[in-house]
Amino acid sequence: MRISNKILMALASLLFSISVCAQKQDGELGSWFVYTFNSDFDNSLWGINGDIQYRNWNVTGLTQQLLIRGGGHFTPKNSRFKFTLGYAYISSHYRDNGEFKNSENRIYQEIRYPSKLGERLYLVQRVRIEQRFIQNENFRTRFRYSLGIDLPLNHRLLIKNTWFVSFYDEVFFNGQKEISDTENVDIFDRNRLYLSLGYVFSAHLKMSLGFLNQVTTETNKNQLTLTVAHTF
């Protein structure tokens, strides 16, 4: 068996085993719709990137969150590292009726490092630090680390007309435990595990349909995801 097939089977098995446990705790399947964008300015080390996410508690449209995020990035000359400073706005909604709950303004800094393993595996590591201003809560910080893998299936490179599999795992840690006068949280915030099948339409556009499992200290929930990635 080729090594790429072995990796694919291992990732699918890992995600399936975790999702089965999640279904035992929360049978309601959610949905996330994600648009990401990235642009490097011509003849410059600078650019912009970000994403817009619409998240539902269920598949049919009970709003969970709306997230709008974007920032400017800098890539040093002859380096793979990409440094970003950005801002995000998030509105959260109640689970029982989808009505507005609270809003969050967030400043974040991140370092992204892409690399390649062998001829087919594209890896991206990311460290993100967030300063969170959540309505009716104390100032909070959070630390995130993610590892993402893209595996082309019918070509060796992620070029036009390529099918690919994406996997990532991201872990979140809170910087403070006391978030209000009456509420505390754990240092561990959540973990996200994701697997999807995608297609490269062009050098500027990719789309993928996937499955995400999110585990927090209180919940364990599955999400269907549709992601459009736009480079311009």
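Each residue in region 23-82 was checked for being assigned to a loop (DSSP other than H, G, I, E, B) and touching a Gly at 6+ places or on another chain (Cβ under 9 Å), and 7 of them qualify.
Listed here are the residues, each with its yes/no results for (1) over 28 Å from L62 (Cα atoms); (2) without any contact (Cβ under 8 Å) to a residue 12 or more places away in the chain.
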| residue | (1), (2) |
| --- | --- |
| K101 | no, yes |
| I111 | yes, no |
| L117 | yes, yes |
| R120 | yes, no |
| R128 | yes, no |
| R140 | no, no |
| L151 | yes, no |
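Residues in region 113-157 that are part of a loop (DSSP other than H, G, I, E, B) and open to solvent by 50 Å² or more (accessible area, probe 1.4 Å): G118, E119, Q135, N136, E137, N138, F139, L153, N154, H155, R156, L157.
For first residues located in region 31-55 and within 17 Å of F74 (Cα to Cα) and free of Cβ contacts under 8 Å to residues at least 40 places away in the same chain, partners that are open to solvent by 70 Å² or more (accessible area, probe 1.4 Å) and not aromatic (F, W, Y) and lie 6+ apart or on another chain with Cβ distances below 6 Å form the pairs G47/D40.
When W32, W46 are screened for being within 23 Å of L226 (Cα to Cα) and at pLDDT 95 or above, only W32 passes. Among the residues of region 63-74, the ones that are open to solvent by 40 Å² or more (accessible area, probe 1.4 Å) and more than 18 Å from I134 (Cβ to Cβ) come to 1 in all.
Residue-by-condition table, conditions (1) part of a strand (DSSP E or B); (2) surrounded by 15 or more Cβ atoms within 10 Å (Cβ to Cβ):
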| position | (1), (2) |
| --- | --- |
| I159 | no, no |
| F164 | yes, yes |
| F167 | yes, yes |
| F173 | yes, no |
| D186 | no, no |
| D189 | yes, yes |
| L193 | yes, yes |
| G198 | yes, yes |
| L209 | yes, no |
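The residues of region 164-184 that are within 18 Å of T216 (Cβ to Cβ) and small (G, A, S), listed by number, are G175, S180.
The number of residues in region 88-106 being surrounded by fewer than 15 Cβ atoms within 10 Å (Cβ to Cβ) and not charged (D, E, K, R) comes to 7. A search for C-beta distances below 8 Å between a residue of region 71-82 that is among the hydrophobic types (A, V, I, L, M, F, W, C) and any residue that is assigned to a loop (DSSP other than H, G, I, E, B) and open to solvent by less than 40 Å² (accessible area, probe 1.4 Å), counting only pairs 6+ apart in sequence or on different chains, returns F81/T75.
The values are calculated or read from the model by the stated rules, or taken from the named source; none is laboratory data. Here the structure is a predicted model, which is why all the values come from computation and not from measurement. Counting neighbours? That spans all protein chains shown, and the Cβs are built from the backbone with ideal geometry, glycine included. The area values use the complete protein model at the heavy-atom level, side chains included, leaving out ligands, DNA and RNA. Shrake-Rupley method; radii C 1.70, N 1.55, O 1.52, S 1.80 Å.
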